[in-house]
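For reference, the structure is listed below as structure tokens.
The values are calculated or read from the model by the stated rules, or taken from the named source; none is laboratory data. Everything numeric in this text was worked out from a predicted model, so none of it was measured. Positions of Cβ are generated from backbone atoms using ideal geometry, with glycine treated the same way; all protein chains shown enter the neighbour counts. To get the accessible areas, we keep the full protein, side chains included, count just its heavy atoms, and leave off ligands, DNA and RNA. Shrake-Rupley method; radii C 1.70, N 1.55, O 1.52, S 1.80 Å.
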Amino acid sequence: MTVSSLYQYVKTTKTDNSPIVLGQIGMSAPKTWLTLLAEHQKSNAHMLIIKTFIPHASDMLGNAPQQAIEFFIQSQPSLAPYIDTTLNTKLINIHGIQRLSLNNDQLILDFHIGELKGQIEEMLVFQQTLISHWYSENTQSLFHINQSQLWQMAKISQDTAPLLFIHSQGQTEHPSPVQVDFQKRAKQAGFQCLALANNTERQGRVDIDQQINTHSSKSVDKDIASQERQALRYQQAIHNNPFPLMGTKEDPIAIIGGGIASAHLALSLANRQRKLHLFCKDPHLASQASGNKQGALYPLLTPENNTLSQYFQQAFLYSRRRLEALQQSGFNIAHDLCGVLHTGFDERSQARITKILTGHAWDPNIARSVDKQLASQLAGIPIDKSGIFYPQGGWVCPEDYTLAAMNKAMSLTHLELHLNCHIDRLEQKDNQWYLYQGEQEYGPFASVVLANGHALTQFTQTKTLQLSGFRGQVSHIPSKGQLSELQTVLCAHGYLTPKYQQTHCVGASYVKNAADLNFCPQEQRDNLNKMHHSYPNQPWVDDIDVSDNDARVGVRMVTRDHAPMMGPVPDVEQLLARYEQHQLTPESRQYWQNTPAPIHQGLYVLGGLGSRGLSSGPLAAEALAAMICEQPLPINQAALALLSPNRMWMRKLLKGKAL
């Protein structure tokens, strides 16, 4: 019995079209994932989401020897098309969730890396998509799960969810004392615990059916367990109050915007078969900040590896995987995952890099310390400074990435594209949303997502969001001399990309609330000066020529804490009204902790991506799509609080501070 046979069993017993959500303790072998991929693609009537909990990422999807996989393929040649996907999809040893989306995003594997209880406590699920079955091939790890961990598993499970594990033939008839003890503890948490033989796929499905039918008459005392589960779920709901989850089952959904955020949100919603309308004020997509020729793709790290750092690692890896998936689907996206080299440019910035490198034991696939010699080898040009190398990073053409996501979305669902449509007003009537361009009305819509970059705060409902627009001018320079040998993205006081179509990008300026978006000669010179400042003794810097005045200007929307904004739009007017009644009293903190934060029902925001939208945007979009569709999110509770649009107010209120 394997997870693929469990999927086949659950699929045949399911009575609706909602996603199948399974829980797994420990990893499966690569050949198991190969079989599951093949089984799912044959009959993917249901989206399948598997939440896999592992203590660390030493077991990776692609860690099996190539020879062993090839031997397995010889016995089952029908699985050959899936070998590249499985072997190339590796986990990175970082804390939190890594989401892998396969089979056109209909098979989602969420790997929760870290201590089991903590990972489950922070997990975000809806009542409609609780785990229906638990499964484990690693019985030793399973049997050592303690009672507290079992209760946390029960909290995120359907009340009827069984816990299945496999044994070699004969062990099921003579369970060990450890197994007996585990089954007793699992029963206390309300789990029907079933030991299955390690048989063939077909026999495994029969085993499951027979075991469940046999044990259904041996009912666990469900009343006590059910009451305890409900209490745990209630505690979780209270914990979510300051940063509420809000979903909607109705269509259509309107998205306002035309860049990275809106395109990837459209794709994530299209994968869930939602009907969409997208409104873009420009004549074509990616006309604003997402229209640059090249943008760097790499994570933002902090010395203490806090929630922001963890989110960016997860998001960076998700964006990289989505990029590769779109490429495999036939979309041409200019990019080069050549790595990113990050060096200091003065004493303070160099000290910061040293602090990051020594503050946490980074997985070498995320960040590596490099000396001057290695930095020069990686860059292909002389570098006289040590720094951080991000080996999985590189550069991507944002416009190509945006168009590929949107075109893929349009191939999957009903999506109406409204170009040259500048929405200037939103109104909610009878729980439905209407959009206006002057007197022209569009709607009704069940929900609206604002993903319109620097115009996010133009609406009455969003004018107080704590976002600032920063103008950025990127210079396009000809590739010549030693500069043409650059092999990796350089980041220091500004950034410099390897050549693409005989041109490099260098930049970018950073001007708050700029008066216009016209070309600025001074900013062009500033971009050059940043490179001279960063690498003053290197002759290749003299090859940087900005005299053609070739550049592109856009506006980045930035938050004070560098995190994107994702989630329901806060009703600030209502929040301030409540604040008048509940401020700076002994009871105020408890009030804000126990009372759902006021929001505009059906209205969401996705923005504030700053200068790393290529890294942070796609996962934020996927998380918002999962929230809207009331499915398990690919981020945890801490990340939700980090991204929430009302976080700046709630952080103060939860501490009893004045706004």
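Using a 1.4 angstrom probe, figure out how much accessible area the chain has per residue, in square angstrom, rounded to the nearest whole. Intermediate values should be presented prior to the final figure.
Working: 26460 Å² over 659 residues.
I get 40 Å² per residue for this part.
How would the stretch 498-543 be classified by its alpha-carbon gyration tensor: rounded, prolate or oblate, with rounded meaning a/c under 1.5 and the a/b versus b/c comparison settling the rest?
Values: a/c = 2.77, a/b = 1.57, b/c = 1.76.
It is oblate, given that a/c is not under 1.5 and a/b is not larger than b/c.
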What order, most packed first, do the peptides 139-145, 286-292, 263-269 have when packing is the mean number of other Cβ atoms within 10 Å of each residue?
263-269, 286-292, 139-145
Residue separation times 0.36 nm, minus the C-alpha to C-alpha distance between S547 and T464: what's the value?
25.8 nm
Let me know the shape class of the stretch 113-170, please: from the alpha-carbon gyration tensor, a ≥ b ≥ c as square roots of the eigenvalues, rounded when a/c is under 1.5, otherwise prolate if a/b is greater than b/c, or oblate.
oblate
Ranked highest first by average number of other Cβ atoms within 10 Å, how do 249-255, 534-540 line up?
249-255, 534-540
Which one, N518, H533, A641, is farthest towards the positive end of the dipole of the chain when Lys and Arg carry +1 and Asp and Glu -1 on their Cβ?
A641
Added length on full extension, which subtracts the Cα-Cα distance from 0.36 nm per residue, L337 to D282
16.8 nm
The chain: angle of helix 398-412 to the longest principal axis, Cα-based, in degrees nearest 10:
40 degrees
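Would you mind calculating the gained length between K372 and Y591 on full extension (0.36 nm times residue separation, minus the Cα-Cα distance), in nm to one decimal? Please list the in-between numbers first.
Details: separation 219, 0.36 × 219 = 78.84 nm, distance 5.48 nm.
In short, 73.4 nm is gained.
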Expressed in nanometres to one decimal, the distance between label points 7 Å along Cα→Cβ at N537 and E439 is 7.1 nm
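Can you give the net charge of the other residues whose Cβ lies under 15 Å from the Cβ of L517, counting K and R as +1 and D and E as -1?
Values: positive: K281, R471, K512, R552, R556; negative: D282, D516, E523.
That works out to +2.
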Over the stretch 290-442, what is the mean sequence separation of C-alpha contacts under 8 Å (at least six apart), divided by residue count, expressed as relative contact order in percent?
28 percent
Which residues qualify? For V21, with a placed amide H closer than 5 Å and at least 5 residues away or on another chain, they are I49, S132
For Q230 and K184, what is the calculated FRET efficiency with R₀ set at 22 Å and r taken between the beta-carbons, to the nearest 0.05?
0.50
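Determine the calculated [θ] at 222 nm for the chain from helices alone, applying -39500 (n - 2.57) to every DSSP H run no shorter than 4 residues and normalising by the residue count; nearest 500 deg cm²/dmol.
Working: 21 runs with 236 residues, N = 659.
After summing the helix terms and dividing by residue count, I get -11000 deg cm²/dmol.
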About its Cα centre, what dipole magnitude does the stretch 529-659 give when the only charges are +1 on Lys and Arg Cβ and -1 on Asp and Glu Cβ, stated in debye to the nearest 20?
680 debye
Can you tell me the relative contact order of the stretch 497-644? Whole percent, Cα pairs under 8 Å, sequence separation 6 or more.
23 percent
For q = 0.08, 0.10, 0.12 Å⁻¹, what log10 I(q)/I(0) does the chain give under the Debye formula with an equal point scatterer on each alpha carbon and no solvent?
-0.64, -0.99, -1.35
Contact order relative to length of the chain, as percent, for alpha carbon pairs under 8 angstrom and 6 or more apart:
16 percent
Does anyone have the angle between helix 521-534 and the longest principal axis of the chain? Alpha-carbon axes, 0 to 90°, nearest 10?
70 degrees
Taking amide H positions as placed 1.01 Å from N in the peptide plane, with prolines and chain starts having none, which residues 5 or more places from I253, or on another chain, fall under 5 Å of its amide H?
K275, L276, H277
If you roll a 1.4 angstrom probe over the protein chains with everything in place, what fraction of the accessible area of the stretch 302-345 belongs to carbon and sulfur, to the nearest %?
41 percent
Under 24 Å from K31, Cα to Cα: lysines that are on another chain or at least 8 residues apart:
K11, K42, K51, K90
Listed highest first by mean packing, meaning other Cβ atoms within 10 Å per residue, what order do 474-481, 491-498, 583-590, 322-329 come in?
491-498, 474-481, 322-329, 583-590
Of the options Q149, I599, L619, report the single residue whose Cα projects farthest towards the positive end of the charge dipole of the chain (beta-carbon charges: Lys, Arg +1; Asp, Glu -1).
Q149
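With charges set only on the Cβ (+1 for Lys and Arg, -1 for Asp and Glu), what does the dipole of the chain come to about its Cα centre, in debye to the nearest 20? Before the final figure, lay out the partial values.
On the way: 54 positive and 55 negative charges, 174 e Å.
I would put it at about 840 debye.
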Using modelled amide H (1.01 Å from N, peptide plane; none on Pro or chain starts), what sits under 5 Å from the amide H of L633, excluding residues fewer than 5 places away?
L124
Could you tell me which of L6, L163, A261 has its Cα farthest along the dipole of the chain towards the positive end, charges placed at Cβ (Lys, Arg +1; Asp, Glu -1), taken about the Cα centre?
L163
Holding the Cα-Cα limit at 22 Å, pick out from K355/K499; K480/K530; K293/K499 the pairs that are longer than that.
K355/K499
